[in-house]
Amino acid sequence: MRKILAAGLTGALLLTTVPAAAAATPLRLPAPTGPYAVGTTDLHLVDHARPDPWVAGTTRELMVTVRYPARPGGSPAPYLTPGAAGPVAEEDARQLSISADRLGYTFPTHARAGAPAAGGKRPVVLYSPGAKYPRSVGTALLEQLTSEGYVTVAIDHTHEPAAVEFPGGRVERRALPSGPAVGKQLIAPRVADTRFVLDALETVARGGNPDAEQRALPVGLSPDLSRAGMFGHSAGGFTTGETMVADRRLAAGADLDGSMAYSQSARDFGRIATEGLDRPFLLMSAGDHSAASDGSWQEFLSHQRGPVREVRLPDGEHFSFTDYQVLLPQLGLDPAAIAPFIGTTDPARSLATQRACLSAFFARHLR
């Protein structure tokens, strides 16, 4: 469950027969508690200098969700766009042995599309999801940080998730090759994706518009790249560390239950582990995962030169650090069936702890 790159609902449990279709369970995320309303806009970014690493003959394209402190206005944004919601729900449903119709992933979030920005230059926090997962799985944490005054940017690493929807309704499906070698191939494209997104945000900060369709940006959106951080779950945490090694624009980072190794048994560690950082880093883990059990974390701590903090959720599991922590219990399933994903911790307390830790960490190092 907690392996470095492909840790996810996919492949976590043996599949059983999926029951007949059932009505969608009304799903919701806890509201953010900060003083700002949350606005949101999606950007379509095209890196014309880089071929796509997974689909030969194509150019690398990304979809990112930018959330920002907002003034009243706009309309509620869905958790996933319709074109992505179906494939993601089908994949999750197979692992939970339920009908995909139960997972209505287009439910409204607390962010409002089209809302004007609250104004002022805002520190930036980027987010990278776990391998094979969409950018939506960090929504509850990202909405909270946005409500506290940050511009947050969630990245879809195209052709990893079950589906990514682009403007015009085009949907790109997963295109990763099979086999164990894919893990080692995964992180470098993710780091390049993240650095390209930082470039795009610099364009926004200068008053430009990097969106491929030149769709209007929210009035007053002003990211401050001199105060930029990042966090990620699983492979996204590994991506965060590797990007910080390569790019000094990130001043602080957090790894949510992600190893820093391509292979623990061969001690094939990433640069984040073997070189460490001179900037602040937060390590969050769950269950039996910690620096005591993860050799790559031990290696990182032996080389880390900047401030470091460790936090563990003893009754959590790998997916406690995603929206599944609060969404799965709403399905009314046997707690024992979802415990391998999210543990036995109280969902509300788990989310509150994560929000508080991330908020305190970024407030200290980006403000």
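Nothing in this text is a laboratory measurement; each read-out follows from the coordinates by a stated rule. Values in this document were obtained by computation on a predicted structure and should not be read as measured data. Heads up, the Cβs are rebuilt from the backbone with ideal geometry, glycines too, and the neighbour counts pull from every protein chain shown.
Computed packing ranks the peptides 80-87, 171-178 as 80-87, 171-178, most packed first, by mean other Cβ atoms within 10 Å.
Simple spin-label estimate for Thr25 and Lys121 gives 4.6 nm between the two label positions (7 Å along the Cα-to-Cβ direction from each Cα). When both the range 224-241 and the range 289-353 are represented by their alpha-carbon centers, they are found 17 Å apart. The HN-Hα couplings worked out from phi for the range 164-179 by the Karplus form 6.51 cos²θ - 1.76 cosθ + 1.60 (θ = phi - 60°) are 10, 9, 9, x, x, x, 5, 10, 9, 9, 4, 9, 6, x, 8, x Hz, whole numbers, x standing for Gly and Pro. Residue-wise HN-Hα couplings along the range 102-112, as the Karplus relation 6.51 cos²θ - 1.76 cosθ + 1.60 with θ = phi - 60° gives them from phi, are 6, 9, x, 7, 9, 4, x, 9, 8, 8, 10 Hz; Gly and Pro carry x. What separates the Cα centres of the range 120-135 and the range 247-265 is a distance of 14 Å. Annotation: amide H of Gly130 within the under-5 Å range of His233, Gly236, sequence separation 5 or more or interchain, hydrogens built in the peptide plane. What the Cβ-Cβ distance of Ser265 and Ala337 gives, at R0 = 25 Å and to the nearest 0.05, is a FRET efficiency of 0.25. A cut-off of 5 Å between modelled amide H atoms, ignoring neighbours fewer than 5 places along the same chain, links Ala118 with Ala70, Arg71.
Phi angles across the range 302-308 convert, under the Karplus curve 6.51 cos²θ - 1.76 cosθ + 1.60 with θ = phi - 60°, into 3J(HN,Hα) values of 6, 10, 5, 10, x, x, 9 Hz, Gly and Pro given as x. For log10 I(q)/I(0) by the Debye sum over Cα atoms at q = 0.07, 0.13 Å⁻¹, the value computed from the atomic coordinates appears in the list [x] -0.26, -1.01; [y] -0.33, -1.06; [z] -0.39, -1.12 under label [x]. Here the sum of -39500 (n - 2.57) over DSSP H runs of 4 or more residues, divided by the residues of the chain, equals -9000 deg cm²/dmol at 222 nm, to the nearest 500.
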